[in-house]
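Read the structure below first, then the notes.
The values are calculated or read from the model by the stated rules, or taken from the named source; none is laboratory data. Everything numeric here is computed off the predicted structure, so don't read it as measured data. Cβ coordinates were reconstructed from backbone atoms using ideal geometry, including for glycine residues, and neighbour counts include every protein chain displayed.
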Amino acid sequence: MRIRPGLGVVVSAFTALALLAHEPKTITGKVVGIAVCGTLTVLDDAKMQHEIRLHGIDAPEKGQAFGTKARENLAAKVFGKTVRVEVVDVDRYRREVGRIYLGERFINLEMVRDGFTWCYVRYDKAGEFTDAKREAREKRRGLWADPNPVPLREFHRWWSGRSGALAPLLR
């Protein structure tokens, strides 16, 4: 195979861009909003807003049992405070998905330990949430106080196709 002069520079540039694309992104900023399902808004130093979905966990929605309490729990931890977000992905709604830290505290893990979220087994490859979930379940914290807590995915399936007055609020 013959490489034309200058092509090596182009290939090197593409390789460098590919490596940069996989480099972890960190956002530091003040939490200015808390939404349902473990999503928050962070305002960085450049005054750009970032919608952040907490990685590896799933909180109940508004209208779902413990939805309001889960939101209040997250707000009590981080609202108005400066956090560090290690962005690990971007979801289909273009939210940045990240690991949230308040100082040395790992907020995603605290939400699981407090019993206000489910953890995604698929994204918990290191098993970092396993003990926290077990502890919350055994001590019946948060949503685990319910004898049969309904995971968010099942809740969505149950509500899909329904035309009740609450359905638009839950989507």
Query raised in the report: What is the number of the single condition among (1) modelled with pLDDT under 85; (2) over 16 Å from the mean Cα position of the chain (by Cα) that K47 does not meet?
Result: (1)
Query raised in the report: How many residues does the stretch 121-147 contain that are within 15 Å of the chain's Cα centre (by Cα) and surrounded by fewer than 14 Cβ atoms within 10 Å (Cβ to Cβ)?
Result: 2
Query raised in the report: Does the stretch 124-134 contain any residue that is closer than 20 Å to K25 by Cβ, in contact with a Lys or Arg (Cβ under 9 Å, 6 or more places away or on another chain) and either among the basic types (K, R) or part of a loop (DSSP other than H, G, I, E, B) (or both)?
Result: no
Report task. Output the residue which, of all residues in the stretch 54-83 that are of a type in the set (K, R) and surrounded by fewer than 21 Cβ atoms within 10 Å (Cβ to Cβ), is modelled with the lowest pLDDT. Result -> K62
Query raised in the report: Which condition number does E104 fail, the rest of (1) closer than 21 Å to K133 by Cα; (2) buried (at least 19 other Cβ atoms within 10 Å of the Cβ) being met?
Result: (2)
